[in-house]
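In what follows, a structure is listed as structure tokens, so that the remarks can point back to it.
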Amino acid sequence: DAATAVVRPGLLSLDGVARLVRSTTGAEADEERCRELWRLTGGNPLYLRELLLEPAARGADPDEAEPMAGQALARRVAARVRALDPEALRLAQALAVLGDGCEIRSAASVAGLDVEASMRLATGLVRVDVLESVMPARFRHPVLRSAVLAATAEDELDRLHRAAARELAADGAPAGRVATHLMRVLPAADPWVLARLREGAQAAMESGAPEAAAALLLRALAEPPPPAERVAVLGEAALAEAGAGREAACALLEDAIAMTSDRLERAELALRTAEVYSSLFRWVDAVDLLERAVAELDGAEPELAARLEAQLVVSGLHDARRAASVQGVLGRLARQGAPAGAAREAVAVASGMADLLRGRPAAEVAAPLEAVLAGASPAAPSWDTRAALLWTLVTAERFDAVERALGPMFAEVHRTGSARGMIATYSTLGVLKLRLGALPEADAAARVALRVVQSGDFAGGLPFAATVLAQVAIDAGELEAAAELVALLPQHNWPAGVGTVLIPATRGWLRLAEGRPAEALADFQTCATMFGEDRWGMEMRDVGYLHARSGAALALIRLGRLEEGRALAEAELADVSRFGAPRALGISLRTAGLARWGPEGRVLLERSASVLEASPAILERARSLVELGAALRRSGARTAATAPLLEALDLAARCGARPVAVRAREELHALGARPRRDLRRGVEALTPSELRVARLAAEGRTNREIAYELYVTLKTVEGHLRNAYGKLGIAARGELAAALGEKSPG
């Protein structure tokens, strides 16, 4: 009939899919779900409706149901394939199990069909719109592959996956690809399956995917392995779980210890278990286990005993509940001379930590540790020990040495996917940049560490990341954000340790910034108690780790208790002067100067600014310059006050330290000067996060590259850039470099 018109509707667009989804489900499906449904169905309205109606028929929420092929669609597709040829479904099922991109000969082998016949059947599957192509074999839409799998019985799926694994292994496919199929078969005590799962796990570990390795090894344990292999598989699974930062590693190793009666093997397993405990910040558990293992050796195997004791001392010095008990062991190990291998690093770190806690001179603390760091492999034998080494050197102000060493370590932890390694390196970078005054960089690094801590079983490590972020927020004048970060931490009943003592210290500095000196004083006094000799059973001196006495002195000054404040400030200054690190000395001199007032106070403030001139800690220099300028203004030396205040304003802007910049501007206004910076606009108005993103964008990074580097979403990057453009008064990315006007500090 000439009047007949043939209409061939095209596939639905993304917008069409979204409208059909919302009209069918009656729900406001989000864009991400609509996009996924569009990808799965290719815009085919029949497939889309089947996916949407199947969950409704089961009484499920259509908006929350996973977009997988339902039974109705599976029956439709299976019927269409069977109509082509009774054997076509067997081939389609093999293709679905092997996945898109496989060769027809492989699918034929898995299905138990002749290759020539399989080519004919595959061509027919293209003709009926099930496959898109034959070479390579590819389903027209992902939902069709799901439909074929849904039409396959469980026992047949098991057989197909076993056959697929053997076919791929024979073809030399990667171990991980073979093991993926074996994850889908039922346990059957099959040695071949066990071996392939272990090979896949090893490949996953080598490629930096410990979570995937752990899943494969847990499946291997369910196979199960024969008794002679079970301890080894438990150890491999524990290593993978530890790499992922999960406490399950401890239980696996404890099972392994319980399964063996060999004294040496038990000691080796105890050492590995203690290392996992330490990596999870459970130092007391590590020490207790190691003490039992050493006692069980009873003098046998001196080299193994030395390795156990090396881990014992470095773990014990993290927590006051065990610090006293390891002093004798540390002294003996030090007298015996450095053991070999990883134990050498552990003993050196423990000795360095002990010297730092006792307040020994920074040069004495740092020299042996710098030698250890220089010879250390980027692949740390223990990331917990390596973190202690790095933090001790940061406190001893060997900033350059630590920063140089971190580069190769970052490459290593990204290669291996070690969660504890990520925490060690990124939290170290965070505290390093914080001490240098590079607040945007400190914020970015510590946020990565915090996310890794929160994604694993690292509750004890939370203070090392959260307190850095909180201090960055305090220094940037974002007190509400700082309070939210402090609220993430336990608020009372802290056991005394190198991590827990950071909590009251940070809360004290926050309360001081909030104008709550009495509460700040209480927090700093808690620090003094937690860091006291009676808790630790050894000499203790805070010479720059916390500066809790400086904080307490400032709180006392604000409370009008000048004599008490002066006594604390001078006590800290005496200890820090012996320590001899410029940043710590500059801070203590500044506090002592504020406690003294008058000409004596100005002399101390001048010394503080002078000492800090030789240090890369530019934010602390800015603080001292502000206090010096204010003291000079009060004494009537108005001309002399201008230069330090202008320099302080410039340094504070480079750091992103708004409160210091505000104070410098107020003092300059009191002198009659009119600095041009507007704190509501320009670089000083940017938060550390905004400043970091803006600097990376100015260096030429794309939004996606910035998001990847900072472990944030694209939306977050876009929001920070939008805010930065507004505050800097610019409209385009190309104007960022000129608007920022300088390189990043640190």
**Request:** Take the residues in the range 327-350 that are open to solvent by 10 Å² or more (accessible area, probe 1.4 Å) and closer than 11 Å to residue 388 by Cβ, then tell me which one is modelled with the lowest pLDDT.
**Result:** 345
**Asked** Of the residues that make up the range 136-156, is at least one assigned to a helix (DSSP H, G or I), out of contact with any Pro (no Cβ under 8 Å at 6 or more places or on another chain) and free of Cβ contacts under 8 Å to residues at least 24 places away in the same chain?
**Response** yes
**Asked** Taking the range 200-224 on its own, how many of its residues are farther than 23 Å from residue 453 by Cα and open to solvent by less than 10 Å² (accessible area, probe 1.4 Å)?
**Response** 5
**Request:** Give 430, 421, 437, 461 a once-over and let me know the one that is touching a Lys or Arg at 6+ places or on another chain (Cβ under 9 Å), crowded, with 24+ Cβ neighbours inside 10 Å and on the phi > 0 side of the Ramachandran plot.
**Result:** 437
**Residues that are among the charged types (D, E, K, R) and open to solvent by 30 Å² or more (accessible area, probe 1.4 Å), drawn from the range 225-242** = 229, 230, 236
**Request:** Determine, yes or no, whether residue 717 is under 28 Å from residue 482 (Cα atoms), touching a helix residue (DSSP H, G or I) at 6+ places or on another chain (Cβ under 9 Å) and not in a helix (DSSP H, G or I).
**Result:** no
**Request:** Return yes or no: is residue 738 exposed (fewer than 13 other Cβ atoms within 10 Å of the Cβ), over 20 Å from the mean Cα position of the chain (by Cα) and assigned to a helix (DSSP H, G or I)?
**Result:** yes
**Asked** Of 263, 246, which residue is under 31 Å from the mean Cα position of the chain (by Cα) and either more than 24 Å from residue 536 (Cβ to Cβ) or not hydrophobic (A, V, I, L, M, F, W, C) (or both)?
**Response** 246
**Prompt:** If you check 589, 619, which single one turns out to be open to solvent by less than 10 Å² (accessible area, probe 1.4 Å), part of a helix (DSSP H, G or I) and in contact with an Asp or Glu (Cβ under 7 Å, 6 or more places away or on another chain)?
**Reply:** 619
**Item:** Which numbered condition residue 470 misses (of (1) farther than 23 Å from residue 660 by Cβ; (2) surrounded by 24 or more Cβ atoms within 10 Å (Cβ to Cβ))
**Value:** (1)
**Prompt:** When only residues in the range 464-493 that are touching a Lys or Arg at 6+ places or on another chain (Cβ under 9 Å) and in a loop (DSSP other than H, G, I, E, B) count, which is nearest to residue 318 (Cα to Cα)?
**Reply:** 489
**Request:** Give the residues of the range 7-29 that are modelled with pLDDT of 75 or more, open to solvent by 30 Å² or more (accessible area, probe 1.4 Å) and of a type in the set (A, V, I, L, M, F, W, C), sorted by residue number.
**Result:** 11, 12, 14
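Yes or no, residue by residue, for (1) under 17 Å from residue 448 (Cβ atoms); (2) modelled with pLDDT of 85 or more; (3) open to solvent by less than 50 Å² (accessible area, probe 1.4 Å):
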{"position": "688", "(1), (2), (3)": "yes, no, yes"}
{"position": "698", "(1), (2), (3)": "no, yes, yes"}
{"position": "706", "(1), (2), (3)": "yes, yes, yes"}
{"position": "723", "(1), (2), (3)": "no, yes, no"}
{"position": "728", "(1), (2), (3)": "no, yes, yes"}
**Prompt:** What's the number of the condition residue 673 fails, among (1) open to solvent by 10 Å² or more (accessible area, probe 1.4 Å); (2) assigned to a helix (DSSP H, G or I)?
**Reply:** (2)
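The values are calculated or read from the model by the stated rules, or taken from the named source; none is laboratory data. Quick caveat: nothing in here was measured; it's all calculated off a predicted structure. Positions of Cβ are generated from backbone atoms using ideal geometry, with glycine treated the same way; all protein chains shown enter the neighbour counts. What goes into the accessible areas is simple: the full protein's heavy atoms, side chains included, and nothing from ligands, DNA or RNA. Shrake-Rupley method; radii C 1.70, N 1.55, O 1.52, S 1.80 Å.
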